[in-house]
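The values are calculated or read from the model by the stated rules, or taken from the named source; none is laboratory data. Quick caveat, the model's predicted, so the values are computed rather than measured. Neighbour counts are summed over all protein chains in view; Cβ atoms, including those assigned to glycine, are modelled from backbone coordinates with ideal geometry. Areas reflect the complete protein model, heavy atoms only, side chains present, ligands, DNA and RNA absent. Shrake-Rupley method; radii C 1.70, N 1.55, O 1.52, S 1.80 Å.
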Amino acid sequence: MTNEKSTLSKKLLTRVLSVYFILTVIVTAGQIVTEYVNAKSHIAGELQTLKNTFSTSLTRAMWELNMAQAKSIAVGLMELPIVEGVQIRDENGQYIADLGRTSEQPNSPIIKGVVQDHVGGTFGYSFPLIFEFSGRTSLVGDVALYSSAQIIFSRIEVGIFFLIGNAIIKTAFLVFLFMSAFRTMLTNPLNELRQQISDFDIDDLESSKLHLNVPDKNEFTLLEQAYNGLIDGMADFQKRLNGAQAELQDANRLLDDHNISLEQEVAKKTATLSKIMLDLEQQKDELIVNQRELRQENENRQFIEDELRKRNNELASSMDTLQLAKDQLVESERMASLGGLVAGIAHDVNTPLGVGVTATSFLQERLNTLEKAYQEKTLTGSTMNTFLSDAQQTITLLTNNLNRASNLISSFKQVAVDQASEAEREINLKEYLNEIIQSLAPSLKKTQHVINISCPDSVVIVCAPGMLAQIFTNMVMNSIIHGFEDMSKGTIDIKVTQQPETLTIDYSDNGKGLPQDSLAKHFDAFYTTRRGKGGSGLGTHIMYNLVTQTLKGDIEVFSEPGKGLQYVLTIPLHSQR
């Protein structure tokens, strides 16, 4: 008898209930997570509401340096149910109040409001304290309000119990419903079918037919009809089998007569076959020898193929390694160019900033002298006029140097960001070329080299500006380092002409030029005329790839010894206004 636990109905019921249980657990867990997220969002919103309620008074207290009031406000915030920690810092990042469960904040003040998660199950909302006075805003500090997961769970505790209870009740009801339906529609008919099939009697086929007690016509009814039809077919087959046995006996008698005559014929044929077998045996031996020779030749070929395959795999691995090394060298060359640009700009910006610091110190000294004269009641009109004159000159000097530093940083910032990014944007080509040349000013200021740009003011293109910055930086630096190596004053001419569909850029210098054999390898990777002097040979290779692959254009180089070097770039216009 089949084990009750291994019946089809039990397995099917187990799988159905297992899938339902898993889905119920997943759905219930999802609902709990959703409740948690919604509750956390509400608490975060309440923390943001507390900002609108207390930020004005707290900002006024921080501006007036009333730290006692600020601490009192912090204590009051701690009394709120949703607040488990409060941090208040001044504009220098020093803690005025640090109450309850908190986390370490960054050293720099908070710039804008943000909700962040912290270790230990806490999360906080941080916002700056900005005081407005006479149309100006000043950052006087920042505040961080903290809450925790325990507060969230306390809000959704009832909802969680309701969801779990609802899932348990629905699961119990469906288990009972499924078990009743499976027992009525599957388990009982299967047991009856098994019992009637086990009573099968080959000698009494009519009594072995199935008679299932099912309320409606279903698959069991079709199975019963098919099985009974099989029984009827077996009964008919038995009748035909009995007739066939009688015919077989008659055929056996005729077969015996034929066997006698066949034995005589076989004896005659055996002699002929013996001779043929000898010939075949000889041919078999020759075939075996040929097979051995072919097998040996196949083994030799297989060995050669394995060796060739091994060598091919080694070559493929070497090619992958070389390609990876090449890509890393190209990226290193690009980052080295950006690093040189950063170093030059930092040096140039340092001078105006130093002058600004000196001017500020001078102005502070004069201000202290004026304040001392005022307090001692020795302030005269001459002293005030002298202070106003010195202050005006100092402010003018400070403004000029700060503007100079700002212009340098603006040009460097745009070019540096473009070199580190491949995002496309719309640019005015002439203005962008001037920004690139200005970013290279640290490399040009100690020389007498001149760069002339001829470009229409209306040329506007859409491309990745970092590609153009990298191309022109490589061309200018190659001219300065290689072309003007032994020259005190060199000239670079950049001419831009626009056609309906393309843009032509003609770059030329009056340097020492290149011989024909070097010109043929000019765009090859790792080829350089300064091997051992810091040159990697990747600058022109990167420039060629950027023009032909990234910008989908074309670049040509022309040069003769002593007659300078010329690049002609043809770039398709992606967009034009």
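A few remarks follow.
- Failed item, numbered, when residue 45 is tested on (1) open to solvent by 80 Å² or more (accessible area, probe 1.4 Å); (2) at pLDDT 80 or above: (1)
- Subset tally (residues that are modelled with pLDDT under 60, open to solvent by 30 Å² or more (accessible area, probe 1.4 Å) and not charged (D, E, K, R)) for the stretch 516-548: 4
- So residue 69, is it surrounded by 14 or more Cβ atoms within 10 Å (Cβ to Cβ), assigned to a helix (DSSP H, G or I) and without any contact (Cβ under 8 Å) to a residue 40 or more places away in the chain: yes
- Residue list for the stretch 54-75, restricted to those being farther than 17 Å from residue 124 by Cα and not aliphatic (A, V, I, L, M): 56, 57, 59, 60, 63, 64, 66, 69, 71, 72
- Scanning the stretch 127-139 for residues that are open to solvent by 10 Å² or more (accessible area, probe 1.4 Å) and either of a type in the set (Lys, Arg) or touching a Leu at 6+ places or on another chain (Cβ under 9 Å) (or both) yields 128, 130, 131, 136, 139.
Residues are listed down the side, and each one gets a yes or a no for (1) at pLDDT 85 or above; (2) open to solvent by less than 80 Å² (accessible area, probe 1.4 Å); (3) closer than 19 Å to residue 148 by Cβ:
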site: 17; (1), (2), (3): no, yes, no
site: 23; (1), (2), (3): yes, no, no
site: 85; (1), (2), (3): yes, yes, yes
site: 89; (1), (2), (3): yes, yes, no
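- Flag if residue 263 is over 30 Å from residue 204 (Cβ atoms), assigned to a helix (DSSP H, G or I) and within 60 Å of the chain's Cα centre (by Cα): no
- Qualifying residue in the stretch 166-186 (condition: farther than 22 Å from residue 10 by Cβ, at pLDDT 75 or above and not aliphatic (A, V, I, L, M)): yes
- Selected residue (criterion: farthest from residue 519 (Cα to Cα)) from residues of the stretch 478-501 that are modelled with pLDDT of 90 or more and open to solvent by less than 60 Å² (accessible area, probe 1.4 Å): 496
- Residues of the stretch 1-15 satisfying the condition of being assigned to a helix (DSSP H, G or I) and either modelled with pLDDT of 85 or more or open to solvent by less than 40 Å² (accessible area, probe 1.4 Å) (or both): 9, 13
- Conditions (1) assigned to a strand (DSSP E or B); (2) at pLDDT 80 or above; (3) surrounded by 17 or more Cβ atoms within 10 Å (Cβ to Cβ); number of the one not met by residue 102: (1)
- Of all residues making up the stretch 549-569, the number that are open to solvent by 20 Å² or more (accessible area, probe 1.4 Å) and among the hydroxyl-bearing types (Ser, Thr, Tyr): 1
- Sub-7 Å Cβ pairs linking a first residue in the stretch 549-573 that is modelled with pLDDT of 90 or more to a second residue that is open to solvent by 20 Å² or more (accessible area, probe 1.4 Å) and assigned to a helix (DSSP H, G or I), at least 6 apart or interchain, are 554/548; 555/544; 555/548; 557/519; 559/519, ordered by first then second residue.
- Qualifying strands (runs of 3 or more DSSP E) (wholly inside the stretch 421-526; at least 3 residues being among the hydrophobic types (A, V, I, L, M, F, W, C)): 450-454, 460-463, 491-498
- Where strands (runs of 3 or more DSSP E) fall entirely within the stretch 111-156, those with at least 3 residues that are at pLDDT 80 or above and more than 20 Å from residue 42 (Cα to Cα) are at 122-133, 136-148.
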